[in-house]
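The values are calculated or read from the model by the stated rules, or taken from the named source; none is laboratory data. No experiment lies behind these values; they were computed from the predicted model shown. Reconstructed Cβ throughout: ideal geometry from the backbone, glycine too, with neighbour counts over all protein chains shown. We work out accessible area using only protein heavy atoms, side chains counted, and drop any ligands, DNA or RNA first. Shrake-Rupley method; radii C 1.70, N 1.55, O 1.52, S 1.80 Å.
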Amino acid sequence: MVKEFMIRNPQDEDVEQIEGLNFVLKLLYLYHDDFNKKNMFCAVNGEGEIIAVAHLMEHDTFHAVRSDDNENFIRYLTFELAFEADMEEDRVKDALTEALLRRSREIKSEYPDKRIVMAQYIDTDNLQDLSYLLARGFTIHDTIVVFKFDLSRDIPSYPLPEGVRVLPYALDHNEALEQYHQAELASFDGVAWSMNQLRWMQGAQEMVNYCAFSDSQFIGNTSTWRITEERSATENVFVIPDWQKKGVARGLLCTALNALKEQGKTIATLGTHGSNRKAIRLYTEIGYELYGFRLTIGYEID
């Protein structure tokens, strides 16, 4: 049991202790250009040891374009907590959660006309964390359906439209990053990763972007990255509006699935909003099967 602790923002000398709690948070602290020290909080015990870290990030919805006139559009601030082993106590968690809520209210004051929700994605079987947040005024805002593809199965083949090709494409220069960014904005009605997040994700383990081109036009994408030794993601599936319903998404996904199978992966997974009937139909027709559900549980900031 922690006898006493304080909550403060991180300092540069905390980096190695942060790594001990969560290696990705250390990398975020050092290398993500969207990182803001004001959005991270450390719980420090009486001996000066960091026993927990909480962090807040602007989701890709936060600076969505073309949504300012929609008063119901939700801009998410996603959060994460990491604890030292055997140090997860409710009073430490309460203090960190309250620090995140205070910071969210400060951010809300900068955008008074925007609907902002501080949220976390939690698997439906994680009853402990769900119960904790529900008891503190959080509510469920969305359901994410997670699908899997068993890579021991045959992977279907679909013809691509004439002149369209799909290939691995490295987003390792500004022109490629901008191509991707503009296509994502067009495909998701103005919602896209920030350019800093896009650059950051290129460093993910086993990250490969499978991109569709018509001549030199960037028209769609599927990205893969490592989740475990056996499992990889097939995420970031999008096709720009002029090329939708022409088989491009099927071609992108099947190209990615074949590549993962050749790498020795046994399962590929992806998620989509439970209300996205078009995407769910696409994935199930290809051969993806239900894998589970995640909930977006959040607290609306007044």
Problem - Residues listed by number, the range 145-175, amide nitrogen under 20 Å from Asn258 label point at 7 Å toward C-beta - result: 149-170
Problem - Using a Förster distance of 22 Å, the FRET efficiency for Glu300-Glu106 (Cβ separation, nearest 0.05) - result: 0.90
Problem - Distance between modelled label sites at Glu175 and Glu285, nm, 7 Å Cα→Cβ extension - result: 3.5
Handout entry: Extension gain, Tyr31 back to Met201 (0.36 nm per residue minus Cα-Cα distance, nm)
Key = 60.1 nm
Exercise for the section: Identify, among Asn221, Tyr29, Val2, the residue whose Cα sits farthest towards the positive end of the charge dipole of the chain, taking +1 on the Cβ of Lys and Arg and -1 on the Cβ of Asp and Glu, with the dipole about the Cα centre. Expected result: Asn221
Fill in the blank from the handout: Sequence order, the range 60-76: Karplus ³J(HN,Hα) from phi using 6.51 cos²θ - 1.76 cosθ + 1.60, θ = phi - 60°, Hz rounded, Gly and Pro as x, gives 5, 6, 5, 10, 4, 8, 6, 10, 5, 8, 9, 5, 9, 5, 9, 10, 8
Exercise for the section: Distance between Cα centroids, the range 212-239 to the range 160-206: provide it in whole Å. Expected result: 9
Practice task
Binning at 10 Å from 0, report for the chain what percent of all alpha-carbon pair distances ends up in each bin.
Solution key: 6, 24, 32, 25, 11, 2, 0
Completion exercise
SASA check, Asp302, accessible area w/ 1.4 Å probe, all protein chains in place, rounded to nearest 10 Å², comes out at 150
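In terms of solvent-accessible area of protein heavy atoms at a 1.4 angstrom probe, what is the ranking of His273, His141, highest value first?
Working: His273 90, His141 55 Å².
Descending accessible area places them as His273, His141.
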Exercise for the section: Using only alpha carbon pairs under 8 Å that are at least six residues apart, calculate the relative contact order of the range 157-299 and give it in whole percent. Expected result: 22
Problem - Sulfur and carbon atoms: percent of accessible area, the chain [1.4 Å] - result: 47
Problem - Label-point separation in nm, Glu49 to Ala135, each point 7 Å along Cα→Cβ - result: 2.6
Exercise for the section: With an 8 Å cut-off on Cα pairs and a minimum separation of 6 or more residues, tell me the relative contact order of the chain in percent. Expected result: 22
Exercise for the section: Kindly sort Ser275, Ser214, Ser104 by accessible area of their heavy atoms, largest first, with the probe set to 1.4 Å. Expected result: Ser275, Ser214, Ser104
Fill in the blank from the handout: Distance in nm between Thr228 and Asp86 label points, each 7 Å along Cα→Cβ, equals 2.6
Problem - Whole-angstrom gap from the range 12-76 to the range 259-299, using each part's C-alpha centre - result: 27
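Skip the ligands, DNA and RNA, and give the accessible area per residue of the range 173-281 with a 1.4 Å probe, whole Å². Don't skip to the answer; put the middle values down first.
Numbers: 5000 Å² over 109 residues.
Ligands and nucleic acids excluded, the result is 46 Å² per residue.
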